[in-house]
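First up is the structure itself, then whatever we jot down about it.
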């Protein structure tokens, strides 16, 4: 009985591919000045993408609108969204989880100390200026391209 189950499971699993990333062994890819990422997954099936983000003290992510909900978990450090709690925004510290609904706009997201976070977005992010004009769009293909180009740059020593 157990060997039949094992055989069935093996046949089923041959059709599917688990993804395993040894993230601790992957290099950080530059995303924004002072901010690196490690691509964990990007998928056309749902449009979502998952990354680890390493933010140096004083770095920031520019003003943006979520065109898909996002979730984060602060592994270490501190992140201030919309100026942090002192200015009516959110301050997330080590161990905190956050959910960012579709359509939410984040003015600059700041990192007052070295910070590492796990981030999943369920759609694109639209980068905008102070008048809400689109200055960039990042979807699953865009984040995949950032990771691939960054890895190629690291491999070439450039």
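What is the Å³ per residue value for the convex hull set by the Cα atoms of segment 24-68?
Working: hull volume 3.9 nm³, N = 45.
Convex hull of Cα atoms, per residue: 86 Å³.
Between residue 85 and residue 57, what FRET efficiency comes out of the Förster formula 1/(1 + (r/R0)^6) with R0 = 22 Å and r the beta carbon distance, rounded to 0.05?
According to the calculation, E is roughly 0.75.
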With label points set 7 Å from each Cα along the Cα-to-Cβ direction at residue 4 and residue 41, the distance between them in nm comes to 3.2
Subtracting the Cα-Cα distance of residue 108 and residue 23 from 0.36 nm times their residue separation yields 27.9 nm
Under the helix-only model (-39500 (n - 2.57) for each DSSP H run of 4 or more, divided by the residues of the chain), the mean residue ellipticity at 222 nm, to 500 deg cm²/dmol, is -6000 deg cm²/dmol
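Suppose R0 equals 25 Å; then what is the FRET efficiency for residue 93 and residue 32 from their Cβ-Cβ distance, rounded to the nearest 0.05? Walk me through the intermediate numbers first.
Numbers: r = 21 Å, r/R0 = 0.84.
According to the calculation, E is roughly 0.75.
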Ranked output for segments 3-15, 57-69 by mean other Cβ atoms within 10 Å, highest leading, reads 57-69, 3-15
Subtracting the Cα-Cα distance of residue 76 and residue 141 from 0.36 nm times their residue separation yields 20.6 nm
Rounded to the nearest Å, the spacing of the alpha-carbon centers of segment 1-48 and segment 94-158 is 20
Among (i) 17.8, 57; (ii) 18.1, 66; (iii) 21.3, 74, the value of Rg and Dmax of the Cα atoms in Å computed for this structure carries the label (ii)
Pseudo-spin-label distance residue 12 to residue 129, built 7 Å along Cα→Cβ, given in nm, is 5.4
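Projected area of segment 43-134, taken from the Cα convex hull and averaged over every viewing direction, in nm²? Write down the numbers at each step before the final one.
Details: hull surface 23.1 nm².
So the Cα hull casts an average projection of 5.8 nm².
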Taking Cα pairs closer than 8 Å and at least 6 residues apart, the relative contact order of segment 28-158 in percent is 31
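Could you line up 51, 35 from fewest to most neighbouring Cβ atoms inside 10 Å? Don't jump to the answer; show the numbers that get you there.
Details: 51 23, 35 19.
So the residues, fewest neighbours to most, are 35, 51.
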Under the rule rounded for a/c under 1.5, else prolate if a/b exceeds b/c, else oblate, using alpha carbon gyration tensor axes a ≥ b ≥ c, segment 80-149 is classed as oblate
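Bear in mind these aren't lab numbers, they're just calculated from the coordinates by the rules spelled out. Note that the coordinates shown come from a computational prediction; the quantities given were computed from them, not determined experimentally. Quick reminder, even Gly has a Cβ in these numbers, built from the backbone with ideal geometry, and neighbours come from all protein chains shown.
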